[in-house]
Every structure is written in C-alpha cells, then in structure tokens.
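Below is one structure, written out as structure tokens; comments come after it.
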Amino acid sequence: MSEDAAYTEWMIWFDHEKCTQCHGCEVACRAWRGLDQGVWYRRVRNVWRGGYPRVKSHSVSLGCLHCVEPACAAVCPEKAISKRESDGLVRVDRELCTGCGACLDACPYGIPQFGPAGIMEKCDLCEDQPGREFGPPCVATCPGDALSLRAVDIGEKVAHQKSMLALMESAGG
C-alpha cells in the first residue's frame, strides 16, 4: 500500500469535529461487506456531555485502528492475528481462529466481532474488496469527510489511538 512502508502504516483516520452523526459509514460497511446480523466492522457512538441547557454531543466512528502494538495479536493463543510489517495492517487468519474471545478482552476499543461461525472478524480496510477505487466504502460514503484512509507515521498513529481511546472513555467505554 505504501511506497515507504518502513515509516508509514495505513489506517482510517476519524475527525470527530467533522462527523454529522449520520451513521452512513456503518451502513456502507455493512452493505458492502454483506455482514451477518449483529456484526459491525464500524460503529458510531453518540457522546453526550453537559446538562440542560448546555448539552453538547459528538460522535465516535470506530473501526479497527490497526494498532501500532495490537493487544489482540499479543494475546491470541492460536496466533491467528498478525500485523503485516509492510503496511501495518492487522489481519485475522480465519483458519486458525478458534473464537476464544481473548482478543476482544484485550482490545481497548472493543473492536473484535464474532459472527454466526464464532470466528473473529474485523475491519481490514477493504483491501481485497473489488471496486474499492474510491477507498473503503465507509470513507467514500462519509458526507462530512470525517473519515479518511491515510498513510501515517508511527507517532501520528499512536497519537490518534490515544485520542480515540479518550473519545471512547468520554462515551463511557
């Protein structure tokens, strides 16, 4: 994906100030991927702060961050989760996954999903999906440009992971 993979990794960047809370990214992802009932590779959570009359809200659109040091991969007893060195993509080998759930317990963002087969599923940036010339459907669908597919350096990625964790904590988990 990247010409200078030693210094960059790919991720979907989220800017909460641009999010219109339309949930279009969720719908686009589900429709494009044909996800099973109850499986969400991208979720939007609305965060409410303050009290009347000073109530404010913002949203958190969250999918796999393809972490710099993925906790899910570190705890997987079957080594079914790995990080590709060339571009930072965190992948799941569905043939090795036993659905034990250790990855979900370890992920601070609650990303891993388990469909009817009981095997872990998550966002893979739609890297192998046909017709992706406009980027992942969640990015292409976002009317406010709150999502963007980016090649970032490790420092930027770590900072974004921390900001997403802070947004999640403000939403109550």
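The values are calculated or read from the model by the stated rules, or taken from the named source; none is laboratory data. All values reported here derive from a predicted model rather than from experimental measurement. No Cβ is skipped: glycine too gets one built from the backbone with ideal geometry, and neighbour counts run over all protein chains shown. With ligands, DNA and RNA removed, areas are computed over all heavy atoms of the protein, side chains included. Shrake-Rupley method; radii C 1.70, N 1.55, O 1.52, S 1.80 Å.
Against the main long axis of the alpha-carbon atoms of the chain, helix 24-33 sits at an angle near 20°.
Taking all protein chains as they are arranged and a probe of 1.4 Å, the heavy atoms of TYR41 leave approximately 20 Å² accessible to solvent.
Secondary-structure-derived ellipticity at 222 nm for the chain, considering helices only, amounts to -6500 deg cm²/dmol, per-run term -39500 (n - 2.57) for DSSP H runs with n ≥ 4.
Which of the trypsin sites (Lys or Arg not before Pro) found in segment 21-124 are in a DSSP loop and have at most 12 neighbouring Cβ atoms, other than their own, within 10 Å?
ARG54, LYS79, ARG94
Spin-label model, VAL27 to ARG49: label points 7 Å out along the Cα-to-beta-carbon direction sit 2.8 nm apart. In the chain, excluding the sites themselves, the longest stretch lacking any of the GluC sites (Glu not before Pro) that are in a DSSP loop with at most 16 other Cβ atoms within 10 Å is 18-77.
Scan [x] 16.2; [y] 19.4; [z] 16.7 for the value of Kirkwood radius over Cα pairs in Å calculated from this model and give just the label. Recomputing Kirkwood radius over Cα pairs in Å here picks out [z]. Gain on full extension, evaluated as 0.36 nm per residue between PHE134 and ALA117 minus their Cα-Cα distance, stands at 3.1 nm. When the chain is treated as a Gaussian network with alpha carbon springs shorter than 10 Å, the biggest mean-square fluctuation among VAL75, VAL55, VAL27 belongs to VAL55.
The C-alpha atoms of the chain define a longest principal axis, and helix 154-170 lies at about 50 degrees to it. For CYS100 and SER82, the difference between the fully extended length at 0.36 nm per residue and the C-alpha to C-alpha distance is 4.9 nm. Between VAL39 and VAL75, residue separation times 0.36 nm minus the direct Cα-Cα distance comes to 10.8 nm.
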